[in-house]
Amino acid sequence: MKQKDFQRISYVRSADLYIDRHLHEKISLQLLSDTCCLSRFHYAREFKKEAGVTPKQYVIRRKLKAAEDMLQYSDMKVCEVAERIGYEPSQFVTLFRKHLGLSPLQFRERTLKKNKVS
């Protein structure tokens, strides 16, 4: 593996570590690029080469995956889930619906039905 390839992988890994520790906060491109001591432009370009998506898209996907898990495996209210991943409830519902095609409550209901059938 070339040194450049290793660095690209570390961009995604550093993002994962940062997202895990700061899931409840707003995570900006500037914050992520600062973790690697790169300019926003250079970080975004290198990150997309490695991950195939922009840092912003990646953060949203990671946060929504965490929300899916919370909705599926806990009895937390939607507003609590939203807070845990750093969004206002209305913003969270809109984003969740846009990316998954269901509201958080519909997702939870569908997941519960699937689990009962299994």
Apart from one, (1) surrounded by 13 or more Cβ atoms within 10 Å (Cβ to Cβ); (2) modelled with pLDDT under 95 all hold for LEU71; the odd one out is (2)
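Quick check: is even one residue across the stretch 54-62 over 25 Å from LEU105 (Cα atoms) and over 11 Å from the mean Cα position of the chain (by Cα)? Can you show your working first?
Of the residues in the stretch 54-62, the ones over 25 Å from LEU105 (Cα atoms) are 54-55.
Restricting the remaining residues to those that are over 11 Å from the mean Cα position of the chain (by Cα) gives 54.
There is at least one residue in the stretch 54-62 that is over 25 Å from LEU105 (Cα atoms) and over 11 Å from the mean Cα position of the chain (by Cα).
Every residue, every condition in (1) under 14 Å from ALA15 (Cα atoms); (2) touching a Ser or Thr at 6+ places or on another chain (Cβ under 6 Å); (3) aliphatic (A, V, I, L, M); (4) assigned to a helix (DSSP H, G or I), yes or no:
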site: LYS48; (1), (2), (3), (4): yes, yes, no, yes
site: VAL53; (1), (2), (3), (4): yes, no, yes, no
site: ILE60; (1), (2), (3), (4): yes, no, yes, yes
site: ALA66; (1), (2), (3), (4): no, no, yes, yes
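Restricting the search to the stretch 70-111, which residues are of a type in the set (Ser, Thr, Tyr) and either touching a residue at least 24 places away in the same chain (Cβ under 8 Å) or over 22 Å from ASP20 (Cβ atoms) (or both)?
Taking the stretch 70-111 first, the residues of a type in the set (Ser, Thr, Tyr) are 73-74, 87, 90, 94, 103, 111.
Passing the criteria: TYR87, SER90, THR94, SER103, THR111.
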Looking across the stretch 20-31 at residues that are under 18 Å from ALA82 (Cβ atoms) and of a type in the set (A, V, I, L, M), the single one that is surrounded by the most Cβ atoms within 10 Å (Cβ to Cβ) is ILE27
When every residue in the stretch 93-118 that is polar (S, T, N, Q) and assigned to a helix (DSSP H, G or I) is compared, the one surrounded by the most Cβ atoms within 10 Å (Cβ to Cβ) is THR111
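Please go through the stretch 72-92 and give me each residue that is among the β-branched types (Val, Ile, Thr) and part of a helix (DSSP H, G or I), ordered by number. Before the answer, list the steps.
So the first thing to find is which residues in the stretch 72-92 are among the β-branched types (Val, Ile, Thr), and the list is 78, 81, 85.
Across the stretch 72-92, the qualifying residues are VAL78, VAL81.
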With the structure loaded, tell me whether SER39 is surrounded by 15 or more Cβ atoms within 10 Å (Cβ to Cβ) and closer than 19 Å to SER10 by Cβ or whether it fails that test.
no
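Conditions (1) of a type in the set (Phe, Trp, Tyr); (2) surrounded by 14 or more Cβ atoms within 10 Å (Cβ to Cβ), marked per residue:
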{"site": "TYR18", "(1), (2)": "yes, yes"}
{"site": "PRO55", "(1), (2)": "no, yes"}
{"site": "CYS79", "(1), (2)": "no, yes"}
{"site": "GLY86", "(1), (2)": "no, yes"}
{"site": "GLN91", "(1), (2)": "no, no"}
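The values are calculated or read from the model by the stated rules, or taken from the named source; none is laboratory data. All figures in this text were calculated on a predicted structure; none of them were measured in a lab. Counting neighbours? That spans all protein chains shown, and the Cβs are built from the backbone with ideal geometry, glycine included.
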